[in-house]
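Some notes on the structure that comes next.
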Amino acid sequence: MIDLYTWTTPNGWKASIALEEMGLDYTVHPVNLGEGAQHEADFTAISPNGRIPAIVDRDAEGGPLTLMESGAILVYLAEKSGKFLPPSGAARAKTLEWLMWQMGGVGPMAGQAYFFKTSAPDPIPYAIERYTNETLRLLSVLDKQLGRSGYGSGGDYSIADMALYPWVAAMMPVFEEWGVAVPPLPNLRTWLETVGARPAVQKGMALPAV
Ligand SMILES: N[C@@H](CCC(=O)N[C@@H](CS)C(=O)NCC(=O)O)C(=O)O
């Protein structure tokens, strides 16, 4: 049994989507970020960085395993289940390439765009513009990549898509609401519909139920 510590945010949805897709048994523990639960000692004992998602796998080889960082969690769950990450070779390398690209690019840039637009105490137009434009640039790169096979790795549906989907699905309507000129991105829009129609994705995106 796996314990999932999460909240209603894109990084959290990566883990709940993966657990649903892989058919692993898990229990959800909501970590209310608005109330500061991520800073409490019982949670930072599991996630020393004080961020969700985190998991505890009580059945891990060698004893219970605590794991933070959504990318590491996706790789671990894929290896545990033997699904959505090829075991070796070029297809594995390409899956990890686009997973790392999400972790280092789309997530942080979109997260900063959202922060500077909605939460910074004083508006800093340069920061809003820089992070919004960088996110849009990354979405254009993704659109081109999705033209290869329809999925993020350029091959089959994988943990790269599970990492990318929650951020892209969250940010597209936000950009539209802000009046940002989002390019057509036809491959990306088709991929959003295809991935968003997967029952496991819909279940994962609805968690935690709060
Ligand atoms: N690199 C981390 C980032 C995790 C992260 O920033 N999580 C956010 C929610 S999406 C969080 O816990 N925020 C709480 C806070 O900023 O105090 C990962 O991918 O797991």
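Each value in this text was obtained by applying a stated rule to the coordinates, not by laboratory testing. As the structure is a prediction and not an experimental result, all values here were calculated from the model. Heads up, the Cβs are rebuilt from the backbone with ideal geometry, glycines too, and the neighbour counts pull from every protein chain shown.
Per-structure values
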quantity: Set of lysines with alpha-carbon distance to K203 below 23 Å, sequence-local pairs under 8 removed; calculated: K14, K80, K83
quantity: Listed peptides 168-176, 34-42, 135-143 by packing density, highest first (mean Cβ within 10 Å); calculated: 135-143, 168-176, 34-42
quantity: For A54, residues with placed amide H under 5 Å, excluding near neighbours; calculated: Y5
quantity: Neighbourhood net charge (9 Å Cβ-Cβ; Lys/Arg +1, Asp/Glu -1) for P53; calculated: +1
quantity: Beta bridge orientation in region 1-121: antiparallel %, DSSP, nearest 5; calculated: 60 percent
quantity: Centre separation in Å (Cα based) which lies between region 114-191 and region 29-65; calculated: 27 Å
quantity: Per-peptide average of other Cβ atoms within 10 Å, ordering 108-114, 12-18 highest first; calculated: 12-18, 108-114
quantity: From phi via Karplus (6.51, -1.76, 1.60), per-residue ³J(HN,Hα) for region 51-67 in Hz, x at Gly/Pro; calculated: 9, 9, x, 8, 10, 10, 9, 6, 9, 5, 4, x, x, x, 10, 9, 8
quantity: Spin-label zone in region 1-28 - amide nitrogen under 20 Å from a point set 7 Å from the Cα of N49 along the C-beta vector; calculated: 3-19
quantity: Counting DSSP beta bridges with both ends in the chain, the antiparallel % (nearest 5); calculated: 60 percent
